[in-house]
Amino acid sequence: MIPKSHPRYESLLLRDKMVKASKEGYLADSALIAHGRGEAFDYLIGEKTTYPAKRAMYVAVAAMLLSDNPVISVNGNATALACDEIIELANSIGAKIEINLFYRTDERVKIITELYKNHGFDNILGSLDDDIEYLQDIKNQRATASKTGIYSADTILIPLEDGDRAEILKKSGKRIITIDLNPLSRTSKMSNISIMDNIVRAIPFMTKIAEDLKTQDKQMLKEMIYDFDNEENLKESLEQIRIKE
Ligand code: PTJ
């Protein structure tokens, strides 16, 4: 039990969630290492959502709202940290949720499927019973995609993704949005919209943005997307990382 008075309470709470998920058997072996890398970047931005991240989130939500088939791709880490919040965002923007694992095993897929169902999201894609296709005909586990989900999606949100998988998804011609605390990662660099923020802050904020943007004129959303320059925004994101005492 972590005392609320602990100065690193929020951060320890997230570690606790990760450890619990690891014990439940649905995290990749390297999930805690990935989490640690994220923590380090979060520390350097003061564990706060930055202005460039907010700008990217507005554009990301606009893109998802204008899409015909938006999908949120979830892996072990994203599920451990933000399962309920992801469900809320998906419901708010009318997106599908698909399990898409870098280190895919049937056992992990089974546990994550049950988890989303138990949290009230029944139509989870990428489960063991789903109709699976291979993106760009690459016959490896990393290229698997649900026929009605990622395979036919026009916009995909891929939080905490490995660069290799992100590349496969990007090459398949879809609009890629990422949430990644590392603005230098391959995933951040190759995505169309990169949100440098912690998933636990970003997803609930995006749900709030969705409630606002849903009432706005579609032309305005299109202009927001048109005016956005991801490379420029990533540069600004990088400038938020400062080593101060
Ligand atoms: O569940 P699987 O099999 O799909 O595997 C998931 C991991 C995350 C282990 C796998 O995709 C992987 O190895 O990813 P990488 O290459 O370590 O990339 C993860 C990225 O997420 C890194 O750039 C981290 O900085 C970033 N990250 C970690 N925690 C957070 C984060 N970004 C946002 N919020 C976080 N909480």
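Any number yet on Rg/Rh for the chain, C-alpha, Kirkwood?
A ratio of 0.95.
Antiparallel DSSP bridges in the chain: what percent, to the nearest 5?
That works out to approximately 15 percent antiparallel.
Restricting things to alpha carbons, tell me how big segment 29-69 is in terms of Rg and Dmax, in Å.
Both quantities, over Cα of segment 29-69: 14.4, 37 Å.
Distance from the Cα centre of segment 168-245 to that of segment 6-74, in angstrom?
Between the Cα centres of segment 168-245 and segment 6-74 lies a distance of 13 Å.
Using 0.36 nm per residue, how much length does the chain from H119 to K171 gain when fully extended, once their Cα-Cα distance is taken away?
Full-extension gain reported as 15.5 nm.
At R186 and K208, where each label point lies 7 Å from the Cα along Cα→Cβ, what is the point-to-point distance in nanometres?
Rounded to a tenth, the inter-label distance reads 3.5 nm.
Can you quote the Å³ per residue value for the convex hull of the Cα atoms in segment 1-106, rounded to an integer?
Residue-normalised Cα hull volume stands at 129 Å³.
Between N75, N230, N182, which gets the highest mean-square fluctuation from a Gaussian network model of the chain, Cα cutoff 10 Å?
N230
Length gain on complete extension for the stretch D16 to Q216, per 0.36 nm per residue less the alpha carbon to alpha carbon distance?
Using 0.36 nm per residue and subtracting the Cα-Cα distance, I get 68.1 nm.
Rounded to the nearest 0.05, what FRET efficiency do I243 and S30 give with R0 = 25 Å and r taken as the Cβ-Cβ distance? Could you check?
With a Förster radius of 25 Å, E is 0.40.
Which length gain, in nm to one decimal place, applies between K48 and E107 when the Cα-Cα distance is subtracted from 0.36 nm times their residue separation?
Answer, rounded to one decimal: 17.7 nm.
Can you tally the net charge around T207? Count Lys and Arg as +1, Asp and Glu as -1, for every other residue whose Cβ sits under 12 Å from the Cβ of T207.
Net charge around T207: -2.
Tell me, what is the percent relative contact order of the chain, built from C-alpha pairs under 8 Å that lie six or more residues apart?
Result for the chain is 25 percent.
Throughout, read-outs are computed from the coordinates displayed, never taken from laboratory work. Just so you know, these numbers come straight off a predicted model, no measurement behind them. Every residue, glycine among them, receives a Cβ derived from its backbone with ideal geometry; neighbour counts consider all protein chains shown.
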